[in-house]
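Before any comments, here is the structure.
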Ligand SMILES: C[S@@+](CC[C@H](N)C(=O)[O-])C[C@H]1O[C@@H](n2cnc3c(N)ncnc32)[C@H](O)[C@@H]1O
């Protein structure tokens, strides 16, 4: 009887699996955001001040950016589980004191106008019920002269982000499409002397 050889699935010994700690696993997720972190730095030149991450999930991008000690973070996510994970992950990396975690929605950001220096959002806008309202909310809370970076807009290409932004009150924006990356960049105009 001619027998077929069925490849056996390779199982890792338990001792090897237990070598990875929860922090190691978070570090892997953080490392997977290296490309995104570099894109953010290159695009909006994130240097100093407060960063709001809208739809932060486990805050992996924030951990990647937090190596810059001049940045503080406000981490916003509507999912309790995500907000809790963001808080725990920031603490695990020693960044807990620089992070304020808010369980809330980008549709109504619980912050005053002109509060933060930067808004970032990665792989989240596709979930927003009303993306235009969410972007306007990000714009409302960023300070004049501040910048907004929203990435991973490629997989919901049915949305016309350019048209949406044109219809909004947002003045300076661009929608980028470079190789595998698609992102929105927004600048809030500095108010001139005497202007409100
Ligand atoms: C794919 S995860 C991305 C998380 C993180 N920004 C990252 O890049 O790793 C999407 C996140 O958007 C959040 N989110 C924001 N607005 C949402 C909404 N309106 N409905 C569902 N999820 C939403 C989810 O809770 C989730 O944490």
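Give me the residue from the stretch 107-123 that is within 8 Å of the ligand (Cβ to nearest atom) and within 12 Å of the chain's Cα centre (by Cα) and, out of that set, modelled with the lowest pLDDT.
Looking at residues that are within 8 Å of the ligand (Cβ to nearest atom) and within 12 Å of the chain's Cα centre (by Cα), I get 123.
Among the candidates 99, 83, which residue alone is within 13 Å of the ligand (Cβ to nearest atom) and touching a strand residue (DSSP E or B) at 6+ places or on another chain (Cβ under 9 Å)?
83
Out of (1) surrounded by fewer than 22 Cβ atoms within 10 Å (Cβ to Cβ); (2) within 12 Å of the ligand (Cβ to nearest atom); (3) at pLDDT 95 or above, what's the single condition that is false for residue 62?
Single failed check for residue 62: (1).
Evaluate the stretch 136-156: report whether one residue or more is at pLDDT below 95, in a loop (DSSP other than H, G, I, E, B), within 16 Å of the ligand (Cβ to nearest atom) and surrounded by fewer than 16 Cβ atoms within 10 Å (Cβ to Cβ).
no
Give 45, 55, 126 a once-over and let me know the one that is near the ligand (Cβ under 9 Å from one of its atoms), under 16 Å from the mean Cα position of the chain (by Cα) and touching a residue at least 40 places away in the same chain (Cβ under 8 Å).
After applying the criteria, what remains is 55.
Can you spot a residue in the stretch 17-29 that is within 12 Å of the ligand (Cβ to nearest atom), within 23 Å of residue 126 (Cβ to Cβ), surrounded by 12 or more Cβ atoms within 10 Å (Cβ to Cβ) and modelled with pLDDT under 95?
The answer is yes; a qualifying residue exists.
Return yes or no: is residue 11 surrounded by fewer than 20 Cβ atoms within 10 Å (Cβ to Cβ), within 16 Å of the ligand (Cβ to nearest atom) and either in a loop (DSSP other than H, G, I, E, B) or modelled with pLDDT of 95 or more (or both)?
no
Scanning the stretch 170-188 for residues that are modelled with pLDDT of 90 or more and outside any strand (DSSP E or B), which turns out farthest from the chain's Cα centre (by Cα)?
Restricting to residues being modelled with pLDDT of 90 or more and outside any strand (DSSP E or B), the top hit is 171.
The values are calculated or read from the model by the stated rules, or taken from the named source; none is laboratory data. Keep in mind that what you see is a predicted model, and the values were worked out from it rather than measured. Cβ sites come from the backbone with ideal geometry, for glycine too, and all protein chains shown count toward neighbours.
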